[in-house]
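The values are calculated or read from the model by the stated rules, or taken from the named source; none is laboratory data. The structure displayed is predicted, hence computed values, not measured ones. Please note: Cβ atoms are built from the backbone with ideal geometry, for glycine as well, and neighbour counts cover all protein chains shown. Just so you know, the surface numbers come from the protein's heavy atoms only, side chains and all, with ligands and any DNA or RNA stripped out. Shrake-Rupley method; radii C 1.70, N 1.55, O 1.52, S 1.80 Å.
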Amino acid sequence: LSRDLVITGEISTDGDVQIEGRLEGNVKATTLTIGEQGAVNGKITAGTVHVRGKVTGKIEANTIEMAETANVLADLVQDHLTIANGAFFDGKCSRKTKPAGATAAAKAKK
């Protein structure tokens with residue numbers, strides 16, 4: 001989606017999406033890349049999310065990578081998270097799946 005494009009609504013695809021403009025709504029994709037000038041205000045559901053721009057809302061993905069230019073005001077649900085030095089993040093962070101040793105440790109405590 002080009003830099004001068006503003007979309008209000010939802011995007012759903014089994015493919016990859018790169019947003020350089022602004023999306024007011026939810027997006028579901030295999031891989032989502034938000035460029036430095038890009039912005040998403042809504043819920044993101046993807047396998048992998050690369051954030052270089054701004055996100056407000058919620059991100060649910062297996063892997064989330066925030067570049068140093070990222071500005072994220074969102075709650076995250078993920079298994080792998082990378083936040084570059086200089087990135088801005090304000091929100092809650094939780095794992096999609098429990099670590100392998102967590103189940104055994106919980107049973108041992110009982």
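Miscellaneous remarks
- Cα gyration tensor category, rounded, prolate or oblate, for the stretch 1-61 with a/c compared to 1.5: rounded
- Long-range HN-HN contacts of PHE89 with modeled amide H, under 5 Å: VAL72
- Amide H within-cut-off set for THR33, under 5 Å, with H built and near neighbours excluded: VAL17, GLN18, ILE19, HIS50
- Ligands, DNA and RNA left out, the accessible area of the chain computed with a 1.4 Å probe is 47% carbon and sulfur.
- For ARG95, nonlocal amide neighbours, meaning residues 5 or more places apart or on other chains whose placed amide H falls under 5 Å from its own, are GLN78.
- D (Stokes-Einstein, µm²/s), Kirkwood Cα radius, the chain, 1.002 mPa s at 20 °C: 150 µm²/s
- Remark: the chain carries a charge dipole of roughly 800 debye about the Cα centre, counting +1 on each Lys and Arg Cβ and -1 on each Asp and Glu Cβ.
- Accessible area per residue in Å² at 1.4 Å probe, computed on the chain: 58 Å²
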